[in-house]
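Engineer: Have a look at the structure that comes next, please.
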Amino acid sequence: MLLIMLFAAALLLQTFFSETLEVRVTNVDVIVTTRDGKAVGGLTKDDFEIYEDGAKKEITNFIEVRPESAPQSEAPPDIRRRRILLFIDNAGLNPLSRNAVLPHLQKFLEHTIRGGDEITIATWNNALVTDTLTRNDPERIESALKRISAQTAAPGLTRQRDYQQELSDLISAYQTHNETPPWQDALSIVRSHAQQRLHDMNAKTGALKSLLASFRGAEGRKIAVVVTEGFSANPGDEAFAYLESIRDDFAGGGGATTALDAREFQLRSLINEVADVANSSGITLYPIEAGGKPGDIASMDASRHVRLSRSGGAAAPSTVGATLTAIADATGGKALTGSSNFQLAFEAIAGDLTTYYSLGYRSTDQRQDRMKSIDVRLKNKKYVVRTRRSVVEQTVSTEMSDAVAANLFRPLAANDLQIRAIADPPSSNGADTIAVPVTVTIPTASLTLLPDGSNLTGRFSIFAAFVRNDGAVSQVTRQEQQFRFPAASRERRKEITVKLAVTADARTDGISIGVMDEASHATGFASVKLIR
């Protein structure tokens, strides 16, 4: 909640008027390969067709990006900045699985990253921790990966396995009395586990979406590598399938299959939600299912992916792979599932970073905050085309909200309005929230002033957001403010000061502030650290 409490002003104002016809260029990165996955080069603009919501668009911008070793006559070098997000899901990773992937990840970074690339390493352990590197720093990368490899299993991973032990204990307790445990007791154990998994997935998904959204508006080639074992739109399926496989160990379990119960805990929109945020941010997703296939990694329990019943029959496999594949397909990436060939996966990612086509088309219609479908076709049908399936045309207000959220993870250098912000020590506002006094100062010379009789008027909006304790970004709040003062007094009016009362999570350590001039759409950003 934002509350404007004080509005003061002072000196030197500038008035300007302009009329702008906005012509936006939407860029879409496209990977073209043969059927066996080999990159295809040498195509031209005339080989492609691009459709937005079914309407064919003229390709106005075209570039083929090839490795730096390619002759300049074939293709210009890729001069765009590359931004790489690494999301390590420690809450859903067996440490052995994770540490089997990390050496290949480090090798990928060492051989692929170049000067000017931006790397964000994010770990999720029921809380989000990020580290952003704005240059190729092998020592810092190695240090970050070593810290990750030293981390133990998260409580969330332990909870995923507890239900099997609980079921076993239930059976044993009744067997001591030569009795069979009730089916409903077993079902209750699994339902409780599924509810916790659902909660964990919602928190994890929120954190990932916040990170992906933070790249909106950032220029360059953008990809995200997600290393996980526990990312599924059906978080309870595995537990219910396991229970189904041992149904005969319980009394009164002759009714409907557990598949009906599992549906209650499905996240039906998860794939679309993650893909839509990635596509609206221009990010290609490359998920890696770190567990590989049963037996791939020594000393690991193969039943983590295919549960075995007491009679030896296989229960349903994990649904993680299907979720990751669907997300990758929707964003133009590739997923590694059911395999531990991590080197091949990172080689494929490196190839997509260095060999691709960038297509651009113009869009002049009114922004409506809606997703538009994208379809890129080749006139020669024998090749495989991978690209994101949608783009979003955001309103100026939505773009501003996204930029304020992005400022929490990747501080923005842009500050055309030259705003300043400071925070006073917070006060308790209940068990889980605090009230943070924030003072924002805006030079009046940066704002658009409009004459109104003998007065000058203007409008601006202040946006604020913070990272919640679960790693997700809070709702971005907006407060619009109008001001008016006599034109004769402008020589002594230098700045406008606004005091806000921001209600934030008690464990928040920083707040992002953005200001947008409503007339010119000029913007300014600032971050404030909380004083404890």
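Engineer: Kindly indicate the residue of the range 373-410 that is among the acidic types (Asp, Glu) and closer than 28 Å to Phe525 by Cβ and also surrounded by the most Cβ atoms within 10 Å (Cβ to Cβ) among those meeting that condition.
Structural biologist: Once the filter is applied, the top-ranked residue is Asp402.
Engineer: Which of the residues spanning the range 257-289 are closer than 18 Å to Ala207 by Cα, open to solvent by less than 10 Å² (accessible area, probe 1.4 Å) and of a type in the set (A, V, I, L, M, F, W, C)?
Structural biologist: Leu270, Val274, Ala275, Ala278, Ile283, Leu285, Ile288, listed by residue number.
Engineer: Would you check which residues across the range 328-353 are hydroxyl-bearing (Ser, Thr, Tyr) and under 22 Å from Ser280 (Cα atoms) and list them?
Structural biologist: Thr331, the sole residue that qualifies.
Engineer: Something else: Determine which single condition Leu260 fails, assuming it passes every other condition in (1) part of a helix (DSSP H, G or I); (2) touching a residue at least 24 places away in the same chain (Cβ under 8 Å); (3) not hydroxyl-bearing (Ser, Thr, Tyr).
Structural biologist: (2)
Engineer: In the range 337-389, what count of residues is obtained for those that are hydrophobic (A, V, I, L, M, F, W, C) and assigned to a strand (DSSP E or B)?
Structural biologist: Here the count works out to 7.
Engineer: From the set of residues in the range 199-214 that are out of contact with any Asp or Glu (no Cβ under 9 Å at 6 or more places or on another chain) and hydrophobic (A, V, I, L, M, F, W, C), which is surrounded by the most Cβ atoms within 10 Å (Cβ to Cβ)?
Structural biologist: It comes out as Leu211.
Each row is one residue, and each column tells you yes or no for (1) of a type in the set (Ser, Thr, Tyr); (2) under 23 Å from Arg80 (Cβ atoms); (3) surrounded by fewer than 18 Cβ atoms within 10 Å (Cβ to Cβ).
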| site | (1), (2), (3) |
| --- | --- |
| Arg98 | no, no, no |
| Pro103 | no, no, yes |
| Ile113 | no, yes, no |
| Glu118 | no, yes, no |
| Ala122 | no, yes, no |
| Asn125 | no, no, no |
| Val129 | no, no, yes |
| Pro138 | no, yes, yes |
| Ile141 | no, yes, no |
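Engineer: Suppose the filter is within 18 Å of Glu219 (Cβ to Cβ) and either open to solvent by 20 Å² or more (accessible area, probe 1.4 Å) or small (Gly, Ala, Ser) (or both); does Ala413 pass it?
Structural biologist: yes
Engineer: When you go through (1) within 28 Å of the chain's Cα centre (by Cα); (2) surrounded by fewer than 19 Cβ atoms within 10 Å (Cβ to Cβ) one by one for Ile462, which number turns out not to apply?
Structural biologist: The single condition Ile462 does not satisfy is (2).
Engineer: Please enumerate the residues belonging to the range 215-256 that are over 16 Å from the mean Cα position of the chain (by Cα), open to solvent by less than 10 Å² (accessible area, probe 1.4 Å) and of a type in the set (Phe, Trp, Tyr).
Structural biologist: Passing the criteria: only Phe240.
Engineer: Sticking with this structure for a sec: How about the range 416-446: which of its residues are closer than 15 Å to Lys494 by Cβ, surrounded by fewer than 18 Cβ atoms within 10 Å (Cβ to Cβ), more than 29 Å from the chain's Cα centre (by Cα) and not hydroxyl-bearing (Ser, Thr, Tyr)?
Structural biologist: Passing the criteria: only Ala445.
Engineer: Scan the range 444-456 and tell me whether some residue there is within 18 Å of Pro411 (Cβ to Cβ) and out of contact with any Phe, Trp or Tyr (no Cβ under 8 Å at 6 or more places or on another chain).
Structural biologist: Within the range 444-456, not a single residue is within 18 Å of Pro411 (Cβ to Cβ) and out of contact with any Phe, Trp or Tyr (no Cβ under 8 Å at 6 or more places or on another chain).
Engineer: Take the residues in the range 343-372 that are under 20 Å from the mean Cα position of the chain (by Cα) and open to solvent by 30 Å² or more (accessible area, probe 1.4 Å); name whichever of them is farthest from Ala328 (Cα to Cα).
Structural biologist: Filtering the range 343-372 for residues that are under 20 Å from the mean Cα position of the chain (by Cα) and open to solvent by 30 Å² or more (accessible area, probe 1.4 Å), the one farthest from Ala328 (Cα to Cα) comes out as Asp369.
Engineer: Restricting to the range 87-96, give me the number of residues that are open to solvent by less than 30 Å² (accessible area, probe 1.4 Å) and assigned to a helix (DSSP H, G or I).
Structural biologist: Counting residues in the range 87-96 that are open to solvent by less than 30 Å² (accessible area, probe 1.4 Å) and assigned to a helix (DSSP H, G or I) gives 3.
Engineer: Something else now. When the residues of the range 92-144 are narrowed to those that are under 19 Å from Thr205 (Cβ atoms) and among the hydroxyl-bearing types (Ser, Thr, Tyr), which ends up modelled with the lowest pLDDT?
Structural biologist: Filtering the range 92-144 for residues that are under 19 Å from Thr205 (Cβ atoms) and among the hydroxyl-bearing types (Ser, Thr, Tyr), the one modelled with the lowest pLDDT comes out as Thr130.
The values are calculated or read from the model by the stated rules, or taken from the named source; none is laboratory data. What you see is a predicted model, and the numbers here were worked out from it, not measured in a lab. Neighbour counts run over all protein chains shown; Cβ positions are idealised from the backbone, glycine included. These area figures cover heavy atoms from the full protein model, side chains too; ligands, DNA and RNA do not enter into them. Shrake-Rupley method; radii C 1.70, N 1.55, O 1.52, S 1.80 Å.
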